[in-house]
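Asks: Following this message is one structure expressed as C-alpha cells.
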Amino acid sequence: MPDSYALTESTYYILLSLLSPQHGYGIMQQTEEMSRGRVRLAAGTLYGALNTLCDKGWIIQLPVEDGSRRKEYKLTDKGKAILTKEVARLKELADNGERILKGE
Amino acid sequence: MESRKTIRKWFWVWDFEKEEAWLNGMAQNGWVLESVGFCSYHFVKCEPGEYSMRLEMHPYDEAYVQFMQDTGAEFVGRMMMWIYFRKKTADGEFDLFSDIDSKISHLDKIGKLLGIIGGANLLIGIANTFSPARLGWINLLCATLLMYSLGRIHGKKEALEKERILHE
C-alpha cells in the first residue's frame with residue numbers, strides 16, 4: 001500500500017504518542033487523554049498495529065532494559081515524516097470543511 | 001454455598017460472540033471464568049459485575065499474553081486456538097478491538113483456519129471414500145460443517161467491510 005494513503009485514527013494517535021519512547025499501555029492512556037476520551041485503543045488492535053508499524057519501519061522497538069518486561073517503542077524519522085504529511089492533509093480537510101460550512 | 005462450579009456447554013465457532021456474551025452474563029451474575037477446558041467452563045464466585053470477559057482466536061504467543069497483562073487484563077486460559085481474558089470492570093472498559101480493520105483481520109484469522117481444516121478434511125474424505133474402511137463420510141461431514149462455519153464468518157466480515165466504506 002502506498003504510504004500516501006490516509007492514516008487511520010488509531011495509527012495517527014499511536015504515532016503521535018511515540019515522539020518519546022512509550023510502552024503499549026502508555027500509548028493507550030496517552031491516546032485517550034489527547035482525544036479527551038473519544039479514541040480508546042483496544043489492546044488487541046494496538047498490538048497488531050505496533051507489529052505492522054515496526055515492519056514498515058515507522059516505529060522501532062527499543063531494546064528491553066534489565067528488570068523491565070514492558071517493551072517500549074519509538075517513532076523513526078520515516079514515521080515522523082509520515083506524521084508531518086498527515087497533519088498537513090488533515091489540516092486541508094478541516095480548513096475546507098470549515099470554509100464551506102461557513103458559506104464563504 | 002459452593003464457591004466454584006463447572007458448566008458443560010458447546011458453542012459453534014461462528015457463535016464466539018454469543019459465547020463471550022454468555023461468559024459476561026455469568027460474570028454479571030457473580031460467576032467469573034477461572035479456567036477453560038474442552039466444552040467445559042470452570043467458574044469461581046466473584047462480586048456481580050466485577051469482571052468483563054473477552055475471547056479471541058490467536059495462536060498462543062507469550063509476548064501477546066504479556067502485552068495484554070501489561071494493559072491490565074488477566075489471562076484466564078486457552079482452548080484450541082482461543083484465548084480467554086478477563087479484566088476488572090473497575091479498571092475501565094475492556095475491548096480487544098477498537099476499529100473495523102482489526103475486527104476484520106480477526107475474522108480473517110478465524111476464516112483462514114477454518115478453510116485449512118475444512119480443505120484438509122475434504123481431501124482426506126475424498127481419499128478415504130475409496131479406502132476399504134469407508135470412513136470417508138466422517139471427514140466429508142466435518143468438511144461440510146467447517147465450510148458452513150466459514151460462510152457464517154464470511155458473512156460477518158462482509159457486514160463489517162460494508163461499514164468500512166463509510167467509516168474507519
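Any read-out appearing in this document is the output of simple, stated calculations on the displayed coordinates, not a laboratory observation. Remember, predicted model here, so these are calculated numbers, not experimental data. Heads up, the Cβs are rebuilt from the backbone with ideal geometry, glycines too, and the neighbour counts pull from every protein chain shown.
Asks: I'd like the distance between the alpha-carbon centres of region B:108-168 and region B:1-62, rounded to an integer number of Å.
Replies: Centre-to-centre distance over Cα atoms comes out at 26 Å.
Asks: Per residue of B:68-74, count partner chain C-beta atoms within 10 Å of its C-beta, then hand back the mean as an integer.
Replies: Neighbouring Cβ atoms belonging to other protein chains average 5 per residue here.
Asks: Just tell me how shielded A:9-19 is by partners: mean number of partner chain Cβ atoms within 10 Å of each residue's Cβ, no decimals. Can you show the working numbers first?
Replies: Details: counts 3, 5, 3, 0, 0, 0, 0, 0, 0, 0, 0.
The per-residue average across the peptide is 1.
Asks: Further question on the same structure: Could you order the peptides A:92-98, B:153-159 from most to least packed, using the average number of other C-beta atoms within 10 Å per residue?
Replies: B:153-159, A:92-98
Asks: Right, another one. May I ask you to derive the relative contact order of chain B, considering only C-alpha pairs under 8 Å and at least 6 residues apart, and to give it as an integer percent?
Replies: Averaging sequence separation for qualifying contacts and normalising by length gives 17 percent for chain B.
Asks: What does the convex hull of the Cα atoms of chain B come to per residue, in Å³, rounded to a whole number?
Replies: Enclosed volume per residue, from the Cα hull, is 132 Å³.
Asks: Could you sort the peptides B:44-50, B:112-118 by per-residue average Cβ neighbour count (10 Å cutoff), highest mean leading?
Replies: B:112-118, B:44-50
Asks: With runs of 4+ DSSP H residues as the only contributors, calculate the mean residue ellipticity of chain B at 222 nm using -39,500 (n - 2.57) per run, divided by the residue total and rounded to the nearest 500.
Replies: Helix contribution divided over all residues of chain B: -16500 deg cm²/dmol.
Asks: Still on this structure, please answer the following. Let me confirm one metric for peptide A:46-53, namely the mean number of other chain beta-carbon atoms within 10 Å of its residues' beta-carbons.
Replies: Across the residues of A:46-53, the mean count of other-chain Cβ atoms within 10 Å is 4.
Asks: Which of the helices in chain A, when you take each full DSSP H run, stretch at least 30 Å along the axis at their Cα atoms and have an average Kyte-Doolittle score of -1.0 or higher?
Replies: TM-like helix candidates: A:77-101.
Asks: At 7 Å along the Cα-to-beta-carbon direction for both B:Glu158 and A:Tyr5, put a label point, then send me their distance in nm to one decimal.
Replies: 2.2 nm
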